[in-house]
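Notes to accompany the following structure.
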Amino acid sequence: MSSTTQAASVKHKSISYAGWGYFFIAPFILVYLTCSLLPLLSTFYNALFENYMDGLKQIGPNFVGLDNFVTLFTPRSSDGKMEIFSYTGNTMIMWVMGAVPQIVFALLLAVIFTSERMKIKGQGFFKTVIYMPNLIMASAFAMLFFQIFSAVGPINQIITANGGQAFLFFDQTWSARSIVAFINFLMWFGNTTILLMAGIMGIDQSLFEAAAIDGANSSQVFFKITIPLLMPIIIYVVITALIGGLQMFDVPQIITSGKGNPSNTTKTLVMALNGYIGLSKNYGMAGAYSFFLFVVTGALSFAVFRSTEPKKDKKKKGGKK
Amino acid sequence: MKKRIASALLASAVILSVAGCGNQPATTTAAAGTTAAANNAETTTAAADTQAADTTAAPAPASDVDNSGTTFNIRAWNEEFKGFFEKYMPGYDAAAQTLDGVKVVWTIVPSDDLAYQNALDEALQKNATASADDKVDMFLAEADYILKYTDSDYTMDISQIGVSQVDTEYQYTVSAASDANGKIKGVSFQCCPSALIYRRSIAKDVLGTDDPDQVQAALDSWDKYDAVAKTAKDKGYYMHASFAETYRVFSNNADGAWVTGGQLTMPAVIDQWTEQAKSYYDNGYIIDTCPGIWDEAKNNEMFATGKTMCFFGPAWYFNFCMGNAQDPDNGTFGDWAICKGPQGHFWGGTWILAATGTDNGDLVAKVMKAFTEDESVCENLIVNEGQFTNNKKVNEKFATDPSFGVDFLGGQNATAVFCGMTDSIKWENATIYDQACNEGYQNYIKTYINGTTTKEASLADFYSYINEKYPAVQTP
């Protein structure tokens, strides 16, 4: 019987579990291939065609090589501005305006909540409250802020009631961008706080105790112990926030009715992408945009990862214990 | 317990962030600030029980009218026509939401950011293969983009469904609904000459009179209008509310189309409007904190506390945009009147089109006839709703009736004024690109008008917008 021969052969060699590894990662590989790699390649393929609607008439698909990418990087003739860089700039500016305070604030909260000295009461309540904004839809948030800051909204009512002149928040670049950044900050700081708290709680408590015995003060503990040991989590938070930030869409889209007002200064990359696949169904240009977005995301993630990577010899220390 | 909450939160955080990927809503647009905002993308699918397996319905025969449908699907961009339909459509059962026993289903998508066209295009392209209950039977279209649909195979020649009597309709509404070969594809239920609507009390203060003829004499050219704007400002009033108020007056009198031969060709009047708007903004003739024509800040000017003298709009403006004026406590009911103003023009208009592939051909025809030929429906629209219908005979009956007057307009016979304006409506310059051109231009030129950018920069942004929406159109 074959089973006996198998059993016999097993006796001779040690059991190899190597094949099981592939078995366990197979679902991921399959999902990745079909849901990530394939769409990515087909996006690039689509970017090589002229394919859009002119009114109700379908134009193409005609193979045009890299023409869409050339168009993407051609400065517009009217004023020589490179649209794609302005939109990338808008996206990054609004992301930084929201993400920096988000991470700083979340770090602060995470340290406070995990502090053994403070022993905050009612933590569950606070955690729920700070996480709450994330449960509200971005579109609802955007509409709410649109109303609050509108020409006749409560903020302007307060201003005019005190003798001031109403201020059109959505007509000035700085205020429109600030509102978008603030909404993103509000929505995501709770999420970040919880991730960072999990990271801090994963740090060996004895290190904090040892530091306290050695007479380290709070800031020394924070900068010499918490931050270095939290680095892997911080990198994770930054990279995920960065990817999320590059895909910023719903808030500015709704606040500006998809137009990126004023003067396209709140128009993000994904809004432009959405513009192309909207009425004109311009899959060629949209594909080129998406591919550009992918390259930028990849490059930035790589850069963040590299710049914050601990030096080789210290690497083991930073790992989990 | 705390741990449990924290872990539940973490778990939901993971799920949310995973679900967040790639789940971006493709067309999340909100009609921010418009009156239609409350009705965002609402699909009134009243009953699921009628959605029986009907997917194998036979394709419609080419010549005969298909009437096999059990669901009457109507697409619109706001609730205006729906309201009239539910009130006045003969045979409509409001309780059961049926018309002659067929369930009426409205799909309403606001037109902001071209969302209505976008959704409609997708639905029409799928109409041939859609299940019987999902087929679009009838849809509404506005002047800015009707050509796109009439000039396509997605709309039916209405003579095929038995609608042919169009001689009581105003010619421009028929031209607008005709394709390049002269086939008529739809009917408008309203005629939309747009008037200058003014506050009587403010006109008295500024011009010394509120009599429509005398006000018209004082405002019948742009030079006179400019002069009155200055007087109004000196007396503490605004001539009109937002910078965009007079846009349609100029754009409808264009001597050329927005797009000719695949090239964006901005009509000269658009630039004239831009300079007027800029000078009004700089001179304080308008409210500099009023963001646009659909904004609440403008609508608040229609309250008794408002300081704005002039508005522009057709008959639909009274019911659709002047709700604040009709407010019983703070409103200005009766303190209004209309006259032609500096230039004749039209604004909007709602055409009813029959979708190719409809399985309720007779019902579509019945609706079209009811709102254009049925005199009692048209009379109701005029008397109860203050509309100006697309039936010459009925309009003229009221126009020549000395006892007819609109209380909202201080007893003025609005129908008579509108009848006198129908001849000055120009249609010939319409293109399929007009909605994006008109709305995009007003949106992007705003930063030039309020002084934050140069005109060149604003135009460049507008051209980008056009490139994005219409790749086939060449921009400067």
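Just a few scattered comments:
- Stretchable slack from residue A:42 to residue A:30, in nm (0.36 nm times residue separation minus alpha-carbon distance): 2.7 nm
- Distance between segment B:289-337 and segment B:61-107 - C-alpha centres, whole angstrom: 32 Å
- Projecting the Cα atoms of B:158, B:184, B:196 onto the dipole axis of segment B:139-210, where Lys and Arg carry +1 and Asp and Glu carry -1 at the beta carbon, places B:196 farthest toward the positive end.
- Accessible-area value, residue A:238, 1.4 Å probe, nucleic acids and ligands omitted, Å²: 30 Å²
- Overall, chain B carries a charge dipole of about 1160 debye about its Cα centre when +1 sits on the Cβ of Lys and Arg and -1 on the Cβ of Asp and Glu, all other atoms neutral.
- Global form of segment A:49-318, assessed from the alpha-carbon gyration tensor, a/c cut-off 1.5: oblate
- The simple spin-label model puts a point 7 Å past each Cα toward its Cβ; for residue B:168 and residue B:265 those points are separated by 3.9 nm.
- Think of it as helices only: each DSSP H run of n ≥ 4 in the protein assembly as shown is worth -39500 (n - 2.57), and spread over all residues that comes to -15000 deg cm²/dmol at 222 nm.
- Normalised per residue, the accessible area of segment B:348-454 is 32 Å², obtained with a 1.4 Å probe and no contribution from ligands, DNA or RNA.
- The modelled label-to-label distance for the pair residue A:71/residue B:205, using points 7 Å beyond Cα in the direction of Cβ, is 5.4 nm.
- Order by protection proxy (mean Cβ within 10 Å, highest first), peptides A:90-102, A:200-212, B:262-274: A:90-102, B:262-274, A:200-212
- Given R0 = 22 Å, the distance between the Cβ atoms of residue A:93 and residue A:140 translates into a calculated FRET efficiency of 0.35.
- Carbon-plus-sulfur accessible fraction, the protein assembly as shown (probe radius 1.4 Å, protein heavy atoms only): 60%.
- Taken about its Cα centre, segment A:49-318 carries a charge dipole of about 540 debye when Lys and Arg each add +1 at the Cβ and Asp and Glu each add -1 at the Cβ.
- Sequence-distant aspartates and glutamates (8 or more away, or on other chains) whose Cα lies within less than 15 Å of residue B:183: B:151, B:153, B:157, B:167
- Normalised contact order of chain B, rounded percent, pairs of Cα under 8 Å and 6 or more residues apart: 21 percent
- Surface calculation, 1.4 Å probe, protein heavy atoms: residue B:437 sits at approximately 0 Å² accessible.
- Relative to one another, the C-alpha centroids of segment B:108-133 and segment B:411-476 are positioned 24 Å apart.
- Extreme residue, positive dipole direction of chain A, given options A:52, A:142, A:184 (C-beta unit charges): A:184
- For chain A, there are no membrane-span-like helices by this rule, meaning no whole DSSP H stretch whose C-alpha atoms cover at least 30 Å of axis and whose Kyte-Doolittle mean is 1.6 or above; this says nothing about an actual membrane.
- DSSP H segments from chain B that extend 20 Å or more along their own axis, Cα-based, with Kyte-Doolittle mean of 0.5 or above: B:2-20
- Between residue A:167 and residue A:155, the simple label model (points 7 Å from Cα in the Cβ direction) yields a spacing of 0.8 nm.
- Taken about its Cα centre, the protein assembly as shown carries a charge dipole of about 5280 debye when Lys and Arg each add +1 at the Cβ and Asp and Glu each add -1 at the Cβ.
- Rounded to the nearest 10 Å², the accessible area of residue B:246 at probe 1.4 Å: 0 Å²
- Those residues of segment A:229-249 for which accessible area with every protein chain present is at least 10 Å² below the isolated value (1.4 Å probe): A:247, A:249
- Rel. contact order, % - alpha carbon contacts under 8 angstrom, at least six apart, segment A:49-318: 28 percent
- Cα shape, the protein assembly as shown, gyration tensor, a/c 1.5 rule: prolate
- Dipole orientation for chain A: of the candidates A:17, A:246, A:195, A:17 has the Cα lying most toward the positive pole (charges on Cβ; Lys, Arg +1; Asp, Glu -1).
- Test item: B:459-467 mean partner chain Cβ contacts at 10 Å: 6
- Summary value for segment A:7-79: 18 percent relative contact order, contacts being C-alpha pairs under 8 angstrom separated by 6+ residues.
- For A:68-78, mean number of other protein chain Cβ atoms within 10 Å: 2
- Under 5 Å, built H, 5+ apart or other chain: amide partners of residue A:115: none
- Ranked by solvent-accessible area (1.4 Å probe, protein heavy atoms only, all chains present), the residues A:267, B:183, B:426 order from largest to smallest as B:183, B:426, A:267.
- Counting only other chain Cβ atoms within 10 Å of each residue's Cβ, the peptide A:260-268 averages 5.
- Inter-centroid distance (Cα atoms) of segment A:135-204 relative to segment A:205-284, Å: 15 Å
- Spread of Cα-to-Cα distances over 10 Å intervals beginning at zero, given as percent, for chain B: 4, 18, 28, 25, 15, 7, 2, 0
- Residue B:125-residue A:16 FRET efficiency (beta carbon distance; Förster radius 51 Å; 0.05 resolution): 0.35
The values are calculated or read from the model by the stated rules, or taken from the named source; none is laboratory data. Being a predicted model, the structure only gives us computed values, none of them experimental. In this analysis, Cβ positions are derived from the backbone assuming ideal geometry, glycine residues included, and neighbour counts consider all displayed protein chains. The accessibility values were calculated without ligands, DNA or RNA, using every heavy atom of the protein model including side chains. Shrake-Rupley method; radii C 1.70, N 1.55, O 1.52, S 1.80 Å.
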